[in-house]
Every structure is written in C-alpha cells, then in structure tokens.
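Here the structure is laid out as structure tokens; the discussion comes afterwards.
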Amino acid sequence: MLDQLNEIQSAALADLQSVQDDETLQRWKIAYLGRSAPLMQAFDRLGSLPKEERPQIGRRANEVKQSLEAAFAEKAEALRQAALQQSLQVERLDVTLPGRPLPRGRVHPTTQTLRDLYRVFAEMGFQVYRSREIETDEYNFQLLNFPINHPAREMQDSYYLDTGRARGENPIMYRTHTSPGQIRAMREYAAMNPDNPPPIRIVLPGMCARYEQISTRSEMQFNQLEGLAVGDNITFGDLKGTLSDWARRFFGLNVRTRFRAAHFPFTEPSAEMDVECFVCGGKGCPVCKRSGWLEILGCGMVHPVVLHNGGYDPLRYTGYAFGMGPERITMLRHRIDDIRYFWANDLRFLEQF
Ligand code: DAH
C-alpha cells in the first residue's frame, strides 16, 4: 500500500513536469486529485485495512495529497507568471522612442493678415470695433448717403433676407461693406455724451457679401477692414499722413504710395490709395496692368450727412474713413493670383502659410 502511494506521487509529479497550459493542468488535477483518482480511492480503502496499518498508511496518503496540492498550486502560479511575462513582451513599450509628430493646424492667411493689421493699427492708436454682419438697407445704404434708387447701389448687388416692404422699404440684408459699422459706432459713442460726443479712432473688421460673379479677382464673400477717425480739426492731411505711415509700417519702410481722386457717397472728398507694385517694383508688369501701381483701399473725409446721421455735428467735427480688403492685401503680400483659393479649403494652399 505504501509503495502504491509512492508510485502515485512520483507518477503525478513526473506528469506535472510536462504540463504547459491551464487546460492540461485542470485535467491533471482531475486525474490525480479528483473524486475517482487512485489516491482518493486509497482513502476510501483505509477502513478495510488492518487496524495497526491504518495510521501509517493514512498519514502517508495525507502527505502525498498535500504534496500534490502544493505542486498543483506552484504550477498554477508558474503558468500565471509565464502568461504575464508573455503579455508584457507583446505589449512592450519603449518610452525612449521619439514621439510621432502630430499635424499642426494653422491660422488662415486672411486671419494672419487681419491680425497684422490690428497690431499695426493698435500701435497707431486705433481700437477694434466689431459691428453686425446682418444689416438693414437703412444702415448699409441710406444712412451712408446712398439714397433709395441711387445709381451707386447698383455696384453692390446685395443678398436680401426679406423685401422690407413691411418696414417702409427697409430690407434686412447681409452687409455689402463694413461701412455701416461707422454709423453704429458713431451712434454708440455719441450716446455716451450727446452734447459733447467723444473722439473716435477705430478699425472695423469683418465679413461682407455681394451677389457677384465669382472670378479670380472677386468672391461673393470676403472680409473688409474699415477705419474711422472723428474729432476736432481732423483734415485730409491727417488722412494722407496716417495711411502713408500705415503703409510703411505694414509693407515696409521703402514702400511708395499715391492718392488718386475717387468717388464714394459717404466721403467728400474721396480718394483711392495705391502702393507701388510689389512684383515689378513700379516698372510695370501684368499684375499691375503695366501701371506700376496697385490699388489697395478707398478713403476720404466723412461726408457731413454721414457725420450728422451718426450723431456728430458736422459744423463742429470732421473725420476721415477708409476701407480695405484683407484678402486682396494677402494676395499682394504673397503674390496669390486667384482670390478663390481663400474659400476653397484646399490644404495644399492653406499649408503654405
Ligand atoms: N465701402 C467701400 C467699399 O466697400 C470701401 C470704402 C471706401 C470705405 C471709402 C470707406 C471709404 O470708409 O472712406 O467699396
């Protein structure tokens, strides 16, 4: 009986050596420690042994059982450790590897230009004033001295949101320029002190839209940057000086500018400012249509009617205004030959800035 127990033990332990996975380990447990295993049957047979042999055999059977249970637990732990090691191998992470570069987003070229414009105008004492994009015909045209049926309104075929007939020919519309912000700003400043309206020095940026044939030169949606200065004794000389100074700060100290007479309903006198062509340096090329100059903005002295509509007495105050196209300025800076790139959302274009 003792020999049998010893045999069971050595066979079981030898078998356990070759166990490599959980499933086999479970089968091993059933075979050697299960209810019908020879060892368990030995326990059942203890009762039929001669009385004097029982303690010795019983003790030995218990020893074997304990040794097999211990060997089982050890093997189970070894398998668990091996599995863990393997998963560590598979999931190994080298923290010293250089990181993968993330693609970087960028600021749209028009926004870059706008920010540069704010910075330069801020240096010159102008604050940014934001006005609404949805306007009424009254603010977009009438208060700016474009009467109803004025031929100048033909230039700006507009996006209307309604007919306006219910409000006496005052349609709601998308602004066609940032100039209506002049009236909104003047009225807001004047309301602070109606008897003595404060001086104004602001730039008004934002989106505009016109119902226009899209081409290399014109889009139906675009930005403008408007400027407005109102106060005592502001002259056309201030306007010329300010804009020439701005051009040198913005485009570089050597840039040459010129003013040409023009017409806008909301300024009198009116002018357009040109800068020397960046492409040919003023010699004449296809970009400047052989003139050597590029038109970059409209400007003028605020019309007395417009000052009055803004709540500023035109007999006491004068002012100047100007308006420019940030997309056009971006085209000049970077020699972009088609304005449609700005809204095409083509990364090959956008990634260059
Ligand atoms: N509003 C004009 C346009 O959209 C631009 C402009 C011209 C604005 C002269 C001004 C100005 O303030 O004085 O074409």
Item to check | Equivalent ellipsoid semi-axes, the stretch 286-353, via Cα gyration tensor eigenvalues times 5, rooted, Å | outcome: 37, 17, 8
Checklist entry - Can you give the net charge of the other residues whose Cβ lies under 15 Å from the Cβ of GLU23, counting K and R as +1 and D and E as -1? => result +1
Checklist outcome for this item: Rounded to the nearest 500, the 222 nm mean residue ellipticity computed for the chain from DSSP H runs (n ≥ 4, each -39500 (n - 2.57)) alone is -12500 deg cm²/dmol
Next on the checklist: Rolling a 1.4 Å sphere over the protein heavy atoms, what is the accessible area per residue of the stretch 109-350, to the nearest Å²?
Outcome noted: 49 Å²
Next on the checklist: Using a Gaussian network model on the chain with a 10 Å cutoff between Cα atoms, which of ASP22, ASP313, ASP116 fluctuates the most?
Outcome noted: ASP22
Checklist entry - Using a probe of 1.4 angstrom, how much of the accessible area of the stretch 109-350 is carbon and sulfur, in percent? => result 50 percent
Checklist entry - Taking +1 at the Cβ of each Lys and Arg and -1 at the Cβ of each Asp and Glu, which of GLY34, LEU16, SER87 sits farthest along the dipole of the stretch 2-90 towards its positive end, judged by Cα position relative to the Cα centre? => result GLY34
Checklist outcome for this item: Over the stretch 2-90, with neighbouring protein chains present, the accessible area per residue in Å² at probe 1.4 Å is 68 Å²
Next on the checklist: Pairing rule first: another cysteine's C-beta must sit under 4.7 Å. Under that rule, which cysteines of the chain stay single?
Outcome noted: CYS208, CYS299
Checklist entry - Nearest 20 debye, what's the magnitude of the dipole of the stretch 44-84 about its Cα centre given +1 on Lys and Arg Cβ and -1 on Asp and Glu Cβ? => result 100 debye
Item to check | For GLU123, net neighbour charge (Lys/Arg +1, Asp/Glu -1) across residues whose Cβ lies under 14 Å away | outcome: +3
Checklist entry - Considering the chain as a Gaussian network with a 10 Å cut-off on Cα pairs, which listed residue, PRO109, PRO38, PRO265, attains the greatest mean-square fluctuation? => result PRO38
Next on the checklist: With the crude spin-label approximation of a point 7 Å out along Cα→Cβ, what separation in nm comes out for ALA31 versus VAL287?
Outcome noted: 8.7 nm
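The values are calculated or read from the model by the stated rules, or taken from the named source; none is laboratory data. All values reported here derive from a predicted model rather than from experimental measurement. Because the Cβ atoms are built from the backbone with ideal geometry, glycine has one as well, and the counts that use them run over all protein chains shown. Each accessible area value is taken on the protein alone, full model and side chains, heavy atoms only, with ligands, DNA and RNA left out. Shrake-Rupley method; radii C 1.70, N 1.55, O 1.52, S 1.80 Å.
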